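Written below as structure tokens is the structure these notes are about.
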Amino acid sequence: MLETEGARRQETVAVNLANSLKRHGVEVLFGQSLPSALHLVAPDFGLKQVNYRTENAGGTMADGYARIANKIGVVTAQNGPAATLLVPPLSEAMKASVPILAICQEVDRASTDRNAFQEFDHMGLFASCTKWCRRVDTASRIEDYVDMAIVAATTGRPGPVALLFPADLLNEAQRIARSRINEYGTFPLDRVAPDPERVQLAARMIAEAEHPVLIAGGGVHLSKACDALTALQEAAALPVGTTNMGKGAVSELHPLSLGVLANALAEGSPGRPMRPILEDADLLVLVGTRTNQNGTDSWKLYPEAARVIHIDIDGMEVGRNYEAERLVGDARLALTALTEALRSQDLSRRHAGRAALEARIARARAEGQSGARPHRTSDAAPLRPERVMAEIDRRIGPDTIVAADASYSSLWVTNFLTATEAGQRFLTPRGLAGLGWGLPLALGAKAAEPGKRVVTVVGDGGFAHSWQELETARRMGLDVTVVLLNNGILGFQKHAELVKFGAHTGAIDFSPVDHAAIADATGGHGVRVETPDALAAALDKAFASEGVHLIEVITDPDAHPPITVFEGHI
């Protein structure tokens, strides 16, 4: 029953929970049957249920949904083993700053602490992987707790939260005292601007710097600050690079863009020739980045002598690894304020040197493309992953959403696909980087933007963690194209072990698997390709038709992304 009809009547807690979620802009629930009381009434409020096959994949779908929709993702699960499977996706969201609300059923209140079936300490379970977790035991507090949970998830540094509901409470009758109207489900909920005096100081530092460089992280996407970043790039003639998660924050075709500058800058990387530009920097402007190990190439990438300005919503991240001038606040507001502050600065030197800087970047870009060309154009079989990326790159546009699994898949995507417009989305699980994330991230993104093409790049190792969700995709009408790079091994594991130990364990080799047949068996369309021509034809067919398409590409097991620490070792 809708709120307007039931505001003065008795309703169950489940009805009021669904009504509260709807008020906050929630449109999709990623969940199986439990809590049944909630899912039975959800359709009355227009809440679509996406029925995952496993809870860990469902949590990752909620993550992908949130990243694209800029709305909180909601995943549900029953108590016990189902709840425990939410820990991996909530942990990823915690590290990657993605707001998710996990709604978990608890045992009946009368059964608490009696060893009831699948009873577990969910508060303890979620303590390390959520910003905020509460158990709701009182019917009259439902809206209070829903509001608190969603505010906790979407304000400040976004992140996951959990609400625990005893099964009997959801069926309890409750009288709504008054109707609420506020909506908190979009993020950033509260845009907080940095100290104006510090903004002016940062503007002076940029104006006075000889060779400033800006590095954009994933926080730029979370803040929807891509346009503001482009405006600053133009106003100050700033060269801009990105981290892996920041890819797409600016157009990589812009004459002042450096591409992804992270942990894959070895020989064969398109970004390798850009590294001297970063090494020459006397000022770094870091925006929305945790300065984590992969993003900074084990904290060796940035020049030690450079001064640093760090913009981030989380004051604990500012200056964590690099002593910095602090601009704590929302990325979009900070970048906008910085652009405005620069109007009062003398930028003549910055603009006078722009032509020479653009020429240097253009030469480096051409050199990088030339160095990567042999693998990108190779007709060898098994295929080089770089050639696979080149074929994908020719077919995607700024409205295409690309998701990737962890491990090599993320690095192939971030280094060998092109962000042609600011704001183009490439979803990579760089929080904890767990395997199996690629397909469910793509499904969550498709649920958020059903009218856009969604492509996901996965490896055979990671795909084995989530291939059952092909059935979810077909059943729920979530049309995605899965490009599966099958090299028959756990590539990153093998190559990292060879670099570190000179040998590898016996766990990295797989028996042959017909992944295309799995796609067919779940009602999708599967094809196995072993040549560039067959790959091109398969991509054209998938992009021209509806449905779930899996393209299994047999790839070179010796191929690896140009990871810097591998150089000279394998």
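Observations on the model:
- Any hit, segment 476-489, residues being touching a residue at least 40 places away in the same chain (Cβ under 8 Å), in a helix (DSSP H, G or I) and open to solvent by less than 10 Å² (accessible area, probe 1.4 Å): no
- Scanning segment 455-474 for residues being closer than 16 Å to Asp520 by Cα, outside any helix (DSSP H, G or I) and open to solvent by less than 10 Å² (accessible area, probe 1.4 Å) gives a total of 1.
- Test: Ser97 is under 24 Å from Ser466 (Cβ atoms), in contact with a Leu (Cβ under 7 Å, 6 or more places away or on another chain), in contact (Cβ under 8 Å) with a residue 40 or more places away in the chain and crowded, with 22+ Cβ neighbours inside 10 Å: yes
- Pick from segment 503-556, criterion among the acidic types (Asp, Glu) and touching a strand residue (DSSP E or B) at 6+ places or on another chain (Cβ under 8 Å), ranking: nearest to Arg475 (Cα to Cα): Asp520
- Test: residue in segment 23-42 that is in contact (Cβ under 8 Å) with a residue 60 or more places away in the chain, closer than 19 Å to His465 by Cβ and open to solvent by less than 50 Å² (accessible area, probe 1.4 Å): yes
- A count restricted to segment 138-157 and to residues that are over 28 Å from Ala110 (Cα atoms), touching a residue at least 60 places away in the same chain (Cβ under 8 Å) and among the small types (Gly, Ala, Ser) stands at 2.
- Only one of Ser511, Ser545 that is exposed (fewer than 15 other Cβ atoms within 10 Å of the Cβ), within 17 Å of Lys494 (Cβ to Cβ) and among the polar types (S, T, N, Q): Ser511
- So Gly268, is it without any contact (Cβ under 8 Å) to a residue 60 or more places away in the chain, outside any helix (DSSP H, G or I) and touching a helix residue (DSSP H, G or I) at 6+ places or on another chain (Cβ under 9 Å): no
- Pairs, first under 15 Å from Gln424 (Cα atoms) in segment 388-401, second charged (D, E, K, R) and in a helix (DSSP H, G or I), C-beta under 8 Å, six or more apart: Arg395/Asp540; Ile401/Lys446
- Hits in segment 309-323 - residues which are surrounded by fewer than 21 Cβ atoms within 10 Å (Cβ to Cβ) and either of a type in the set (Val, Ile, Thr) or closer than 25 Å to Ala264 by Cβ (or both): Arg320, Asn321, Tyr322
- Condition met for Ile176 (more than 26 Å from the chain's Cα centre (by Cα), more than 30 Å from Leu222 (Cα to Cα) and either among the hydroxyl-bearing types (Ser, Thr, Tyr) or buried (at least 18 other Cβ atoms within 10 Å of the Cβ) (or both)): yes
- Residue count, segment 189-223 (criterion: in a loop (DSSP other than H, G, I, E, B), of a type outside the set (S, T, N, Q) and within 18 Å of Glu340 (Cβ to Cβ)): 5
- Pair list, Cβ < 8 Å and 6+ apart or interchain, from segment 528-553 residues that are at positive phi to residues that are assigned to a loop (DSSP other than H, G, I, E, B): Gly547/Asp479; Gly547/Gly524
- Residue in segment 509-520 that is out of contact with any Cys (no Cβ under 8 Å at 6 or more places or on another chain), outside any helix (DSSP H, G or I) and among the charged types (D, E, K, R) present: yes
- Selection count, segment 184-211, where residues are more than 30 Å from Ser344 (Cα to Cα) and either surrounded by 22 or more Cβ atoms within 10 Å (Cβ to Cβ) or touching a helix residue (DSSP H, G or I) at 6+ places or on another chain (Cβ under 6 Å) (or both): 4
- For the condition more than 30 Å from Arg384 (Cβ to Cβ), touching a Ser or Thr at 6+ places or on another chain (Cβ under 8 Å), open to solvent by 10 Å² or more (accessible area, probe 1.4 Å) and acidic (Asp, Glu), Asp282 does not qualify.
- If you go through segment 285-298 and pick out every residue that is among the polar types (S, T, N, Q) and open to solvent by 40 Å² or more (accessible area, probe 1.4 Å), you end up with 3.
- Per the listing Leu342, Leu301, the residue uniquely open to solvent by less than 50 Å² (accessible area, probe 1.4 Å), over 30 Å from Ala406 (Cβ atoms) and either in contact (Cβ under 8 Å) with a residue 12 or more places away in the chain or assigned to a loop (DSSP other than H, G, I, E, B) (or both) is Leu342.
Residue-by-condition table, conditions (1) in a strand (DSSP E or B); (2) of a type outside the set (Lys, Arg); (3) open to solvent by 10 Å² or more (accessible area, probe 1.4 Å); (4) in contact with a Phe, Trp or Tyr (Cβ under 9 Å, 6 or more places away or on another chain):
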{"site": "Gly368", "(1), (2), (3), (4)": "no, yes, no, no"}
{"site": "Pro374", "(1), (2), (3), (4)": "no, yes, yes, no"}
{"site": "Ile392", "(1), (2), (3), (4)": "no, yes, no, yes"}
{"site": "Pro398", "(1), (2), (3), (4)": "no, yes, yes, no"}
{"site": "Ala406", "(1), (2), (3), (4)": "no, yes, no, yes"}
{"site": "Trp412", "(1), (2), (3), (4)": "no, yes, no, no"}
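- Looking only at residues of segment 118-137 that are without any contact (Cβ under 8 Å) to a residue 12 or more places away in the chain and open to solvent by 50 Å² or more (accessible area, probe 1.4 Å), we find that the one that is farthest from Phe165 (Cα to Cα) is Ala127.
- In the condition set (1) more than 23 Å from Ala264 (Cα to Cα); (2) open to solvent by less than 10 Å² (accessible area, probe 1.4 Å), Pro561 is compliant with all but (1).
The values are calculated or read from the model by the stated rules, or taken from the named source; none is laboratory data. Since the structure is predicted, the reported quantities are computational estimates derived from the model, not experimental observations. Note that each Cβ is placed from the backbone with ideal geometry, even for glycine, and that neighbours are counted across all protein chains shown. Heavy atoms of the whole protein, side chains included, go into the accessibility calculation; ligands, DNA and RNA do not. Shrake-Rupley method; radii C 1.70, N 1.55, O 1.52, S 1.80 Å.
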